[in-house]
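Working notes, beginning with the structure itself.
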Amino acid sequence: MRRLIRAVLLIRDGGFASAIAGPAEILRMAGVAPRVLAGRPSRPWFRVTLASPSGAAVACTGGLSIQAEAKLSDLSAPDLVLVSSAGIAGLARGEEPAVEDGVVEWLRAAHDAGAVVAGVCSGVFLMGRAGLLDGRRSTTHWAYADHLRLAFPLTDVRPASMVVADGRVVTGGGVNAATDLALHLVERFCGRDEARDLANALVLDLPRAAQSEYAGWLGSASHGDDAVARVQRAIAERPEAADGVEVLAASVAISPRSLARRFRAATGETVVECIQRLRVAKARELLEGERLSVDVVARRVGYEDVAFFRRLFRKYTGLTPTGHRQRFGKPDAFTTVPGRRPRSDRARQPAAG
């Protein structure tokens, strides 16, 4: 009989109940739901304990509350800690949630003792307070990426990613990325087959690659560098016409080298990455609402090399352009007949002869 994996789900006031209940159910159903549906005895993988700093119930966004099963300080030596979200309204104003006494120290000690520490959405900020993000890649809700960079400049924030694993530190994107994070953890501790079987049993997708499908512009001008903000606005207004670092630098009267350095420091990405990301964002809008072929969309956003555009689109969204249109497009934005190209492609083919 294998030893149960000891998992602590740290819950705090102000988060979403779904970001607590969802991961708890997923971890508790690993080794249970797939086997029960197949008529076999259950063999659970995890022992999950919901713990709050005080041991009391937590008040969630939307008026729900969830009762803790233990006081955090009473628990020790977990194999896994999952930090739920908290205080998202404050983060929208650039304010980090308050941290209860002893929580940061407990989290740091758990990691030092060998635990995998994972967090989702605003819970990632608590991991930063514990020093767990320094020198590591991370993600959070796409809208909070700039706040995370400013609060913890030693982490490499990847806001387009749904889940980022760096050693024994794992971070997830916004709110319901908690589902993706939990399935990732099942795969990490129990194997790919177990995660796939569990996802099938619970009618879930395996962890999605990107949260950029759900974001607008993954960035803001809250960094305080006026020249960089002006360049950001210029790119955002017409990403397909952005002419590279030299022209953009001249438009704000600084050198290309200075712009490149300041842009990276302020936003966490290069000028070229910003242009690419915003071109992909514009391509998404065209694919969702227009009857245009992928080739035409590529040219509309500034790419003559359609193969490169397809690779870039998949890098930033986790989907192909066609896959994105099928998932997010308006019903009349594409029509597919089995064995034939979509109407939007066929209509633009030159006549034979």
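The values are calculated or read from the model by the stated rules, or taken from the named source; none is laboratory data. This is a predicted model, so every value here is computed, not measured. Ideal geometry is used to build each Cβ from the backbone, glycine not excepted, and the neighbour counts take in all protein chains shown. Protein only, heavy atoms only, side chains kept; ligands, DNA and RNA dropped before computing areas. Shrake-Rupley method; radii C 1.70, N 1.55, O 1.52, S 1.80 Å.
Among the residues of region 168-188, is any at pLDDT 85 or above, in a helix (DSSP H, G or I) and under 20 Å from Ala283 (Cβ atoms)?
There is no residue in region 168-188 that is at pLDDT 85 or above, in a helix (DSSP H, G or I) and under 20 Å from Ala283 (Cβ atoms).
Please go through region 240-268 and pick out each residue that is surrounded by fewer than 21 Cβ atoms within 10 Å (Cβ to Cβ) and closer than 17 Å to Ala160 by Cβ.
The initial filter retains those residues of region 240-268 that are surrounded by fewer than 21 Cβ atoms within 10 Å (Cβ to Cβ), namely 240-241, 243-247, 250-258, 260-262, 264-265.
Passing the criteria: only Arg264.
If you go through region 16-38 one residue at a time, do you hit one that is assigned to a loop (DSSP other than H, G, I, E, B) and either of a type in the set (Phe, Trp, Tyr) or farther than 22 Å from Ala199 by Cβ (or both)? Steps first, answer last, please.
So the first thing to find is which residues in region 16-38 are assigned to a loop (DSSP other than H, G, I, E, B), and the list is 16-17, 30-32, 38.
Next, only the ones that are either of a type in the set (Phe, Trp, Tyr) or farther than 22 Å from Ala199 by Cβ (or both) stay: 16.
Yes - at least one qualifying residue is present in region 16-38.
Quickly run through region 295-315 and pick out the residues that are surrounded by fewer than 22 Cβ atoms within 10 Å (Cβ to Cβ), among the aromatic types (Phe, Trp, Tyr) and either in contact with a strand residue (DSSP E or B) (Cβ under 8 Å, 6 or more places away or on another chain) or part of a helix (DSSP H, G or I) (or both).
The one that is surrounded by fewer than 22 Cβ atoms within 10 Å (Cβ to Cβ), among the aromatic types (Phe, Trp, Tyr) and either in contact with a strand residue (DSSP E or B) (Cβ under 8 Å, 6 or more places away or on another chain) or part of a helix (DSSP H, G or I) (or both): Phe308.
If you scan region 205-236, which residues turn out to be open to solvent by 60 Å² or more (accessible area, probe 1.4 Å) and modelled with pLDDT of 85 or more? Give the steps one after another, and end with the answer.
Going residue by residue through region 205-236, those that are open to solvent by 60 Å² or more (accessible area, probe 1.4 Å) are 205, 208-209, 214, 217, 222, 224, 226, 230, 233.
Once the filter is applied, which keeps residues that are open to solvent by 60 Å² or more (accessible area, probe 1.4 Å) and modelled with pLDDT of 85 or more, region 205-236 yields Asp226, Arg230, Arg233.
Filtering region 295-318 down to residues that are of a type in the set (A, V, I, L, M) and under 13 Å from Gln276 (Cα atoms), which residue is modelled with the lowest pLDDT?
Among those residues, the one meeting the criterion is Leu312.
Could you tell me which numbered condition Lys282 fails, if it satisfies all but one of (1) in a helix (DSSP H, G or I); (2) closer than 24 Å to Ala143 by Cα; (3) open to solvent by less than 50 Å² (accessible area, probe 1.4 Å)?
The failed condition is (3).
Please determine, by comparing only the residues of region 237-247 that are part of a helix (DSSP H, G or I) and of a type outside the set (Gly, Ala, Ser), which one is modelled with the lowest pLDDT. Give the derivation first.
Initially, region 237-247 is screened for residues part of a helix (DSSP H, G or I), giving 237, 239-241, 245-247.
Applying the additional criterion that residues be of a type outside the set (Gly, Ala, Ser) yields 237, 239-240, 245-247.
Details: Glu237: 84, Pro239: 90, Glu240: 91, Val245: 91, Glu246: 92, Val247: 92.
Residue satisfying both the conditions and the ranking: Glu237.
Looking at (1) assigned to a loop (DSSP other than H, G, I, E, B); (2) open to solvent by less than 40 Å² (accessible area, probe 1.4 Å); (3) at pLDDT below 65, find the lone condition where Leu292 falls short.
Only one criterion in (1) assigned to a loop (DSSP other than H, G, I, E, B); (2) open to solvent by less than 40 Å² (accessible area, probe 1.4 Å); (3) at pLDDT below 65 is unmet by Leu292, namely (3).
Output the residue which, of all residues in region 319-353 that are open to solvent by less than 50 Å² (accessible area, probe 1.4 Å) and among the polar types (S, T, N, Q), is modelled with the highest pLDDT.
Going through the qualifying residues, I end up with Thr335.
Pairs needed: first member in region 9-32, touching a residue at least 40 places away in the same chain (Cβ under 8 Å); second member anywhere, among the polar types (S, T, N, Q) and in a helix (DSSP H, G or I); C-beta distance under 6 Å; at least 6 residues apart or different chains.
Going by the 6 Å Cβ cut-off, the qualifying pairs are Gly22/Thr179.
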